[in-house]
1. Looking for something more than 16 Å from the ligand (Cβ to nearest atom), closer than 23 Å to Glu226 by Cβ and under 26 Å from the mean Cα position of the chain (by Cα) - is there at least one such residue anywhere in the stretch 68-78?
2. Among the residues of the stretch 103-119, write down those that are in a helix (DSSP H, G or I) and over 15 Å from Pro164 (Cβ atoms).
3. Of the residues in the stretch 149-182, how many are under 21 Å from the mean Cα position of the chain (by Cα) and either touching a residue at least 24 places away in the same chain (Cβ under 8 Å) or open to solvent by 60 Å² or more (accessible area, probe 1.4 Å) (or both)?
4. What number of residues within the stretch 49-88 are closer than 22 Å to Leu339 by Cα and out of contact with any His (no Cβ under 9 Å at 6 or more places or on another chain)?
5. Here is a check on your reading of the model: is Val200 under 30 Å from Val375 (Cβ atoms), aliphatic (A, V, I, L, M), open to solvent by less than 50 Å² (accessible area, probe 1.4 Å) and out of contact with any Lys or Arg (no Cβ under 8 Å at 6 or more places or on another chain)?
6. Let me confirm something: among Ala276, Ala255, Ala272, Ala220, which residue is within 16 Å of the ligand (Cβ to nearest atom) and either open to solvent by 10 Å² or more (accessible area, probe 1.4 Å) or among the aliphatic types (A, V, I, L, M) (or both)?
7. Could you tell me whether the stretch 123-135 includes any residue that is in a strand (DSSP E or B) and either within 16 Å of the ligand (Cβ to nearest atom) or open to solvent by 40 Å² or more (accessible area, probe 1.4 Å) (or both)?
8. So for the stretch 90-103 (the condition being assigned by TED's automatic domain parsing to the domain that holds Gly259, under 23 Å from the mean Cα position of the chain (by Cα) and free of Cβ contacts under 8 Å to residues at least 12 places away in the same chain), does at least one residue qualify?
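The values are calculated or read from the model by the stated rules, or taken from the named source; none is laboratory data. These numbers come from a predicted model, not from an experiment. Counting neighbours? That spans all protein chains shown, and the Cβs are built from the backbone with ideal geometry, glycine included. Surface areas here come from the heavy atoms of the whole protein model, side chains and all, with no ligands, DNA or RNA. Shrake-Rupley method; radii C 1.70, N 1.55, O 1.52, S 1.80 Å.
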Amino acid sequence: MTEKTAVGRDAFDRVILPVYSPAKFIPVKGKGSRVWDQQGTEYVDFAGGIAVTALGHCHPALVKALHEQGETLWHVSNVFTNEPALRLAQKLIDATFADRVFFANSGAEANEAAFKLARYYASAKHSPYKSKIIAFHNAFHGRTLFTVSVGGQPKYSDGFGPKPADIVHVPFNCLDAVKAVIDDHTCAIVVEPIQGEGGVTPATQEFLQGLRDLCDEHKALLVFDEVQSGMGRSGKLFSYMHYGVTPDILSTAKALGGGFPVSAMITTEEVASVMAPGKHGTTYGGNPLACAVAEAALDIINSPEVLAGIEERRTAFIQALEAINEKYHVFKEFRGQGLLIGAEMSEKYKNRAGELLTAAAEFGLMILVAGPNVVRLAPSLVIDFADISEGMARFEKAAQKLVG
Ligand SMILES: *Cc1c(COP(=O)(O)O)cnc(C)c1O
C-alpha cells in the first residue's frame with residue numbers, strides 16, 4: 001500500500017507549477033452538491049468543478065460504472081477498439097447531428113482535433129490555401145498552442161513564441177464583422193454558442209444562423225465548441241439544439257465524463273471522410289474506463305426527467321439571485337442558459353466578482369467567476385432544491401459582506 005503522508009495547502013506553493021491560485025482550503029470529499037474540506041467544513045457547490053460534475057459528486061450510477069469497468073478493463077490503446085467506446089460513440093451519434101466520433105481526454109484536445117480536421121478537410125477538398133479560421137474576441141477554446149491561439153484572449157497566448165497563422169478574431173455576436181473578413185480562403189468559423197470563460201454570453205439567434213449561412217456560402221465548416229455549454233448545461237443536451245442551427249463539427253468535454261477526464265469531437269460522415277488511419281490520434285482517447293463512466297453520465301443527463309428539471313432549477317436560482325440583488329444591488333444583469341448562469345457586477349461593484357467568490361467560500365459556498373466582472377454558477381444539473389436554498393442563503397451573506 002502507498003503510504004499517505006499529510007499534505008496541506010502550503011505544499012501547493014512548493015510543488016505545483018504556479019499557474020493556478022487555488023482557494024485556501026483543500027476539498028477532500030463530495031456527495032451530491034455538498035463538499036467537505038480537510039477541516040470538515042462543509043460547502044454547497046454551485047461551481048460544479050467548472051461545469052464538469054453535472055450529476056454532482058460521486059453519483060451512484062457513475063461510481064458503479066467506474067467500479068465495474070475498473071475491475072474489467074482499463075486501457076488497451078487504439079491498436080484495439082473497445083466496447084465502452086463503441087457504445088458511447090453510438091449514443092452520441094443517436095442523440096445528435098453527428099455520424100462519427102473522435103475521443104480525446106480534454107476540451108483542448110477535442111478542439112485541437114476539430115481545428116485540424118477543419119483545416120485538413122479544406123485542404124483535401126478545396127485548396128491548401130483555404131486555411132483561414134475565424135474566431136471571436138473573448139472566446140476560450142483551451143490551452144494547447146493552437147487552441148489558445150484560436151481563443152480570443154491574447155494575454156493567454158502571448159509570450160509562447162510564434163502562433164499558428166491565419167487565425168482572425170472579430171467581435172462576438174457581430175455578423176457584419178464576420179462578413180468583413182470571411183472569404184473563399186476561410187476553412188472554418190469556430191464559436192461557442194454560449195461564451196463561457198469569456199463572461200457567460202449566449203450567441204443571438206441571428207448571429208448563429210448568420211454564421212451558418214456564411215459558412216455555406218463560402219464552403220467553410222461551422223465548428224461549435226460546446227465543451228462548456230454541452231451535456232445538458234443549457235437545458236438541452238447541446239446548446240445548438242435551442243437554436244436549430246447545426247454545426248459541421250462539435251466538441252464536447254467537461255461534463256461528458258461527469259468528472260472523469262474524457263472529451264469527444266463529433267462530426268458528419270462527409271467531413272470525417274477525409275480522415276484515414278494515422279492522420280490523427282491520442283494514446284488515451286476512447287479509453288474504456290473513461291467511456292464507461294461517460295456512457296453512464298450520458299444515459300442520465302439525456303433523459304427527459306433530468307433535462308426537464310434544468311429550467312425549473314434555473315428559475316429557482318434566478319429568483320433567489322434577484323431577491324438578493326433587490327437588497328444589495330451588486331449585479332447589473334443575469335444571463336446564460338439553463339444552469340450556466342452569469343451575473344454581471346453592477347457599476348458600483350465593477351470588477352469585484354473575485355471578492356464575492358472569496359466571501360462565498362468563507363460562508364461555505366463554492367462559486368465561479370468568468371473574468372473579473374461576472375460571477376458564474378455551473379451547479380449540478382440535478383442539484384436538490386434544498387441545496388439551492390441553503391447555497392443562496394450563504395450567497396446572501398457573501399453579498400452582504402461585499403457591500404459592507
Ligand atoms: C473549458 C473549456 C475548454 C478547454 O477544456 P480543457 O478540458 O480545459 O482543455 C475549451 N472550450 C471551452 C468552451 C471551455 O469552456
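1. No, that holds for no residue.
2. Selection gives Gly107, Glu109, Ala110.
3. Total meeting the criteria: 10.
4. Residues flagged as closer than 22 Å to Leu339 by Cα and out of contact with any His (no Cβ under 9 Å at 6 or more places or on another chain) within the stretch 49-88 amount to 12.
5. Spelling it out, it is not the case that Val200 is under 30 Å from Val375 (Cβ atoms), aliphatic (A, V, I, L, M), open to solvent by less than 50 Å² (accessible area, probe 1.4 Å) and out of contact with any Lys or Arg (no Cβ under 8 Å at 6 or more places or on another chain).
6. Ala255
7. For the stretch 123-135, residues in a strand (DSSP E or B) and either within 16 Å of the ligand (Cβ to nearest atom) or open to solvent by 40 Å² or more (accessible area, probe 1.4 Å) (or both): present.
8. yes
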